[in-house]
Amino acid sequence: MKMYGNWRSAAAFRVRIAMNLKGIAYEEIFLDLDAGDQFQPDFLKINPQGAVPALFDGDGPPLTQSLAILDYLDETRPQVPLLPAEPRARARARSLAQVVACDTHPLYVPRVRSFLMENYGLPRERMLEFLRHAFTTGLKTLEVRLSNEPGTGRFCQGDAVSHADLCLISLWVGTGIFGIDTAAYPTVGRIAAELLALDAVVRAHPLRQPGAPAS
């Protein structure tokens, strides 16, 4: 497999973890999102949205959107499943994943931050306030649900890693990159610590990818 990604992309991070857990060999081509590589004509032919990841598997067209890619990987490589078999548990894992991937992450991606600053004259510090609000809203939702709902176990849904965990850890690692205070989210932090001890997550970590800063 070949994937276009970026060291800082939370969405690409999720897909890297899934492929590592499933033992899938892949090559990642890293785009410089700050330099606008994703808006170059050659890449827009791959993904007109100008976003990563974009995954190629064989001769077909590229797959985009991290949750759709995770579903594809689970359906085509069912060994090491990343969703529970029981329908209600499966729905809960997907719901928790979507708290991050659909309602939180889209608010702080580079294209949103740039639009706010360039088109509305939002000062950088005010933009960072908006970013912190997006993070904390997602973290609060996860903390309340994970600490109160009976489905939570070692991980978000029981004791096996699911899509929900891949989304949770992508949000949690972003708190370190953007300096978000996480003291109020102990359940999220506990699950994040479990995930950060896994080799598949360690190898996929943003700061271990080409182009990442030294610390």
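The values are calculated or read from the model by the stated rules, or taken from the named source; none is laboratory data. Predicted, not measured: the structure shown is a model, and the values here were computed from it. Reconstructed Cβ throughout: ideal geometry from the backbone, glycine too, with neighbour counts over all protein chains shown. Areas reflect the complete protein model, heavy atoms only, side chains present, ligands, DNA and RNA absent. Shrake-Rupley method; radii C 1.70, N 1.55, O 1.52, S 1.80 Å.
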Checklist line | Cβ-Cβ under 6 Å pairs, at least 6 apart or on other chains, the stretch 193-208 side part of a helix (DSSP H, G or I), far side acidic (Asp, Glu) | finding: 195/165
Note to self: Looking at the stretch 135-174 only, could you name the residues that are within 17 Å of residue 9 (Cα to Cα) and either part of a loop (DSSP other than H, G, I, E, B) or modelled with pLDDT under 95 (or both)?
What the structure shows: 174
Check: Within the stretch 114-148, can you find the residues that are open to solvent by 60 Å² or more (accessible area, probe 1.4 Å) and charged (D, E, K, R)?
Finding: 118, 124, 125, 126, 129, 132, 140
Notebook entry, point to check: Could you count how many residues in the stretch 69-80 are touching a residue at least 24 places away in the same chain (Cβ under 8 Å) and assigned to a loop (DSSP other than H, G, I, E, B)?
Noted result: 3
Checklist line | Residue list for the stretch 33-48, restricted to those being hydrophobic (A, V, I, L, M, F, W, C) and without any contact (Cβ under 8 Å) to a residue 40 or more places away in the chain | finding: 35, 39, 43, 44
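Results for (1) in a helix (DSSP H, G or I); (2) under 30 Å from residue 91 (Cα atoms); (3) of a type in the set (A, V, I, L, M), shown as yes or no for each residue.
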site	(1), (2), (3)
3	no, yes, yes
14	yes, yes, no
18	yes, yes, yes
29	no, no, yes
33	no, no, yes
42	yes, no, no
52	no, yes, yes
67	yes, yes, yes
